[in-house]
Amino acid sequence: MAKKSSPVKKGEKAVAVSLSPAETRDVYASRRFLDGATQKKLGLKVRFDT
């Protein structure tokens, strides 16, 4: 099994946020306005092998 890396880097603090279904939809809808690093930090961009 591959080792999972944490999206939180050393020296950063993790913040847990609970979003409603409508808020989650809004975040995904606005992702095109966010740069790649921000998308990855928010969990909107995930790496996958094909």
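The values are calculated or read from the model by the stated rules, or taken from the named source; none is laboratory data. Being a predicted model, the structure only gives us computed values, none of them experimental. Please note: Cβ atoms are built from the backbone with ideal geometry, for glycine as well, and neighbour counts cover all protein chains shown. Heavy atoms of the whole protein, side chains included, go into the accessibility calculation; ligands, DNA and RNA do not. Shrake-Rupley method; radii C 1.70, N 1.55, O 1.52, S 1.80 Å.
Taking the condition of being surrounded by 10 or more Cβ atoms within 10 Å (Cβ to Cβ) and either at pLDDT 85 or above or in a loop (DSSP other than H, G, I, E, B) (or both), how many residues in the range 40-50 meet it?
Final tally of qualifying residues: 2.
Mind checking whether some residue in the range 1-9 is at pLDDT 80 or above and polar (S, T, N, Q)?
Within the range 1-9, none of the residues are at pLDDT 80 or above and polar (S, T, N, Q).
Could you tell me whether Ser18 is open to solvent by 90 Å² or more (accessible area, probe 1.4 Å) and at pLDDT below 85?
no
Among residues belonging to the range 26-39 that are loosely packed, with under 12 Cβ neighbours inside 10 Å and closer than 20 Å to Lys9 by Cα, point out the one that is modelled with the highest pLDDT.
Asp35
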